Amino acid sequence: MAQLKLQNLRKQFAPNVVPVKDISLTVDDGEFLTLLGPSGCGKSTLLRLIAGLEQPTAGQVVVGENNLTHIPPGDRNMAMVFQSYALYPHMTVAANIATSLKIRKTPPGEIQQRVHTVADTLGLSHLLDRKPGQLSGGQRQRVALARALVRNPEVFLLDEPLSNLDALLREQVREELKELFEKQNKPVVYVTHDQTEAMTLSSQVAVLLDGLIQQLDPPSRIYTHPANKFVAGFVGSPQMNLLALECQGDRAILGDFSLPLPSFSPQPSGIDIGIRPEDLSLATEDDKITVQGSVSLVEHFGRELLVSVKIKGSHHTLRILINPDLQWEKEDIKLAVNPHRIHWFDEKTGDRLNP
Amino acid sequence: METDTIRRREKQTGWLLIAPALLILAFVFLYPIGRAFWLSLFTQNLGTQLEPVFSGFNNYARMFGDGRFWYSLWNTSVFTTISISLELVFGMTFALVLNQAFWGRGFARTAALIPWALPTAVMGLAWAWIFNDQYGVVNDLLFRLGIINEAITWLGEPTRAMFSLVVADVWKTTPFIALILLAGLQSISSDLYEAHAIDGATPIQSFRQITLPLLAPQILIALLFRFAQSFGVFDLIQVMTGGGPAGSTEMVSIYIYATVRRYLDFGYGAALVTVTFLLLIIAVAIAAFFLSKSRINISGER
Ligand SMILES: Nc1ncnc2c1ncn2[C@@H]1O[C@H](COP(=O)(O)OP(=O)(O)OP(=O)(O)O)[C@@H](O)[C@H]1O
Ligand SMILES: [Mg+2]
């Protein structure tokens, strides 16, 4: 039973370069934690801190009962897959996979057996004698994975392992990864800036911004209950509609229309709201809360149309996903808003207000 | 068919473009080599009133019994082996140091090149003075440190003279090797070292399993260049010892120079040149063979 625990980790490179500010989290056996965030938010740095490639300025890395903060990377029993794969170019695939075992003085017979088992699992058996230079991107990626798996480590660390693959291959490998790591039953920390990967693979997602965890939750909850405006805007495609509105009494004013506020105390004077494009629909007779506007842009978004609607009497635009079979008026389109699907955020802090 | 004509035309243009270079090369290399070989088939010395008399391979036969030639070949080999080995070790050390990030690295990299940029004759003179038995810095330092109490004749004793030459040569050409190796080091991605560290390797293991194999082409290139230069070393020896004492630092090039310019034995000198040239070519060919092999190894493909 190995639990990876980070306690108040901080990394400061220079007085004003602090990619990791204060991060605490735990990852249990069999848990797949994804670090999700925009470029430069400190994901790789955090992973390197866990691996021991960087020394933290403050805080601790603990696995099980052992404090590993000052243990060199080779003695942490963690395996890492690099974004660039970092395969040894002068060694064959077999030697690449076997390196860590050789360094640990594993008996040759056992090395051979373990290399072959892993190579079988990942479909690399026919490539064992090749050099990395003779492999395709997807094959290299699998060699990098094999190198991590063969060690049977206590913790797996993966830094954007799929970012060099094309979209189709990525989808396929994603599935394989999921199965593979479910079997391993070890803590996995996975870095990505691709939210689809984060949503499909993980049991927990940590959304990072500026070296701080914005939200740490299961993927579905990140989607349905974003903890703040940043998470709301970052997760989900097409992006959530985020509007800053004025409030009058218990209503938020949107152009010529208004939305009922949940009961906040005290009543705010302004508020930020978020509505996902798929939570808007074309209004029918029965809908109570509706807004009207004119269409400014129509984009094809997979099976559906993404329609931008400029709301009457305001400068705000709402984007809505519409089934292409439906009929609507370009100049005067009426949208229904489901009040239960509106996300309310504090105007100043950006924090979520409704439960 | 289409591509064939294109390729043929490209080939023609190619030959046309390198023709001037080939002509010049033929003129400055091929002709002198051919001329030297031709001359080596004649006896032309004071004994023949400096008139060329055809003597076939007599000059080559004479070489086998010429102890001085073999001695000079031995000296050259000793000098080359020791100095290149030391240069490789020091050059690697410097390259590894200069590859680290530290304050003033840019300056250090430039400064390290100065010995290489100096004219050999000038720095040879300087080293001759440094090793001078009466006024030299080395003896002075040793005196002051109390290590010796009477002057050592550095350049007047066979072993010490060779030692002094090696020191001067190492001082001058280590930067050259360091620079070539540094360029190689910079092309090795730091990811590899990090991955290796996570695999559990110590820095020494990383050096042996990552740095050395990936640096093999640069090491071989440096060795190749240095071997060719060192085997034909002339100016440094001429300035510092002139081949002495008693021929103990006489290199092949010095001996050839003496044969031709001092003894005016042109035919024999030409034969010496031809043989030395062949030895060099063979050694370089062997090195080049290994070089092409290591290239294939590194990239995993031809
Ligand atoms: N060794 C370093 N010295 C100084 N600054 C660094 C160093 N490493 C990273 N940084 C800075 O830390 C910040 C975070 O970098 P990091 O590599 O962790 O981002 P990331 O979230 O992995 O981004 P990406 O998605 O682009 O890989 C960046 O602004 C980067 O410039
Ligand atoms: Mg990164």
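The values are calculated or read from the model by the stated rules, or taken from the named source; none is laboratory data. Note that this is a predicted model, so its numbers are computed, not measured. For neighbour counting, all protein chains shown are included, and Cβ atoms are generated from backbone atoms with ideal geometry for every residue, glycine included. What goes into the accessible areas is simple: the full protein's heavy atoms, side chains included, and nothing from ligands, DNA or RNA. Shrake-Rupley method; radii C 1.70, N 1.55, O 1.52, S 1.80 Å.
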task = Considering only segment B:155-193, state which residues are among the acidic types (D, E) and modelled with pLDDT under 90.
result = B:E157
query = Can B:T43 be described as within 21 Å of B:T159 (Cβ to Cβ), touching a helix residue (DSSP H, G or I) at 6+ places or on another chain (Cβ under 8 Å) and touching a residue at least 40 places away in the same chain (Cβ under 8 Å)?
reply = no
inquiry  = Can you say whether A:V115 is in contact (Cβ under 8 Å) with a residue 12 or more places away in the chain and within 25 Å of the chain's Cα centre (by Cα), as far as the supplied structure shows?
reply    = no
Search result, residues across segment A:65-117 that are at pLDDT 90 or above, closer than 13 Å to B:L192 by Cβ and among the small types (G, A, S) = A:A86
ask   = Would segment A:119-127 turn up any residue that is free of Cβ contacts under 8 Å to residues at least 60 places away in the same chain, of a type outside the set (G, A, S) and within 13 Å of chain B (Cβ to nearest Cβ)?
value = yes
key: Single residue of B:Q186, B:Q205, B:Q238 found to be within 14 Å of chain A (Cβ to nearest Cβ) and out of contact with any Pro (no Cβ under 8 Å at 6 or more places or on another chain)   = B:Q205
inquiry  = Just the residues that are surrounded by 16 or more Cβ atoms within 10 Å (Cβ to Cβ) and within 14 Å of chain B (Cβ to nearest Cβ), please, taken from segment A:7-54.
reply    = A:S44, A:T45, A:L47, A:R48, A:L49, A:I50, A:A51, A:G52, A:L53, A:E54
task = Look at segment A:58-92 and say how many of its residues are in a loop (DSSP other than H, G, I, E, B), closer than 13 Å to A:R48 by Cβ and open to solvent by less than 20 Å² (accessible area, probe 1.4 Å).
result = 3
task = Scan segment B:154-186 for residues that are open to solvent by 30 Å² or more (accessible area, probe 1.4 Å) and assigned to a helix (DSSP H, G or I) and jot them down.
result = B:P158, B:T159, B:R160, B:F163, B:V167, B:W171, B:F176, B:L179, B:I180, B:A183, B:Q186
task = State whether the residues of segment A:157-169 include one that is open to solvent by 40 Å² or more (accessible area, probe 1.4 Å), within 14 Å of chain B (Cβ to nearest Cβ) and either in contact with a strand residue (DSSP E or B) (Cβ under 7 Å, 6 or more places away or on another chain) or closer than 22 Å to A:P73 by Cα (or both).
result = no
request  = Only residues that are within 11 Å of another protein chain (Cβ to nearest Cβ) and closer than 26 Å to A:D28 by Cβ: list them for segment A:128-154, please.
outcome  = A:A144, A:R147, A:A148, A:V150, A:R151, A:P153
query = Which of the following residues is more than 16 Å from ligand 1 (Cβ to nearest atom), acidic (D, E) and at pLDDT 90 or above: A:E154, A:E176?
reply = A:E154
query = List the pairs whose first member sits in segment B:274-295 and is farther than 11 Å from B:L223 by Cβ, whose second member is open to solvent by 50 Å² or more (accessible area, probe 1.4 Å) and not in a helix (DSSP H, G or I), and whose Cβ atoms are under 7 Å apart, counting only residues at least 6 apart or on separate chains?
reply = none
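For (1) out of contact with any Phe, Trp or Tyr (no Cβ under 9 Å at 6 or more places or on another chain); (2) within 13 Å of ligand 1 (Cβ to nearest atom); (3) at pLDDT below 90; (4) part of a helix (DSSP H, G or I), each residue gets a yes or a no:
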position	(1), (2), (3), (4)
A:I23	yes, yes, no, no
A:G30	no, no, yes, no
A:G40	yes, yes, yes, no
A:L46	yes, yes, no, yes
A:I50	yes, yes, no, yes
A:Q55	yes, yes, no, no
task = Mind counting the residues in segment A:112-142 that are farther than 18 Å from A:Q172 by Cα, among the small types (G, A, S) and open to solvent by 50 Å² or more (accessible area, probe 1.4 Å)?
result = 1
ask   = Is segment A:182-196 home to any residue that is within 16 Å of ligand 1 (Cβ to nearest atom) and among the aromatic types (F, W, Y)?
value = yes
message = Being more than 10 Å from chain B (Cβ to nearest Cβ), without any contact (Cβ under 8 Å) to a residue 60 or more places away in the chain and either within 16 Å of ligand 2 (Cβ to nearest atom) or among the aliphatic types (A, V, I, L, M) (or both) is the requirement here; does A:L68 meet it?
response = yes
message = Condition (residue is of a type in the set (A, V, I, L, M), open to solvent by 50 Å² or more (accessible area, probe 1.4 Å) and at negative phi) applied to segment A:229-245: is it met by at least one residue?
response = yes
query = Among the residues of segment A:318-341, how many are in contact (Cβ under 8 Å) with a residue 24 or more places away in the chain, not in a loop (DSSP other than H, G, I, E, B) and not charged (D, E, K, R)?
reply = 9
task = Could you list, in sequence order, all residues of segment A:185-222 that are within 16 Å of ligand 2 (Cβ to nearest atom), of a type outside the set (S, T, Y) and away from chain B (no Cβ under 14 Å)?
result = A:V191, A:H193, A:D194, A:Q195, A:E197, A:A198, A:A206, A:V207, A:L208, A:L209, A:D210, A:G211
query = Where residues in segment A:93-111 are open to solvent by 10 Å² or more (accessible area, probe 1.4 Å) and hydrophobic (A, V, I, L, M, F, W, C), which of them is nearest to the other protein chains (Cβ to nearest Cβ)?
reply = A:I103
remark   = Among helices (runs of 4 or more DSSP H) entirely inside segment B:50-131, those with 3 or more residues being of a type outside the set (S, T, N, Q), open to solvent by 80 Å² or more (accessible area, probe 1.4 Å) and within 30 Å of B:T259 (Cβ to Cβ) are B:67-99, B:120-130
message = Please pick out the residue among A:E304, A:E285 that is without any contact (Cβ under 8 Å) to a residue 12 or more places away in the chain and acidic (D, E).
response = A:E285
ask   = Restricting the search to segment A:246-289, which residues are of a type in the set (A, V, I, L, M, F, W, C), open to solvent by 10 Å² or more (accessible area, probe 1.4 Å) and in a strand (DSSP E or B)?
value = A:C247, A:I253, A:F257, A:L282
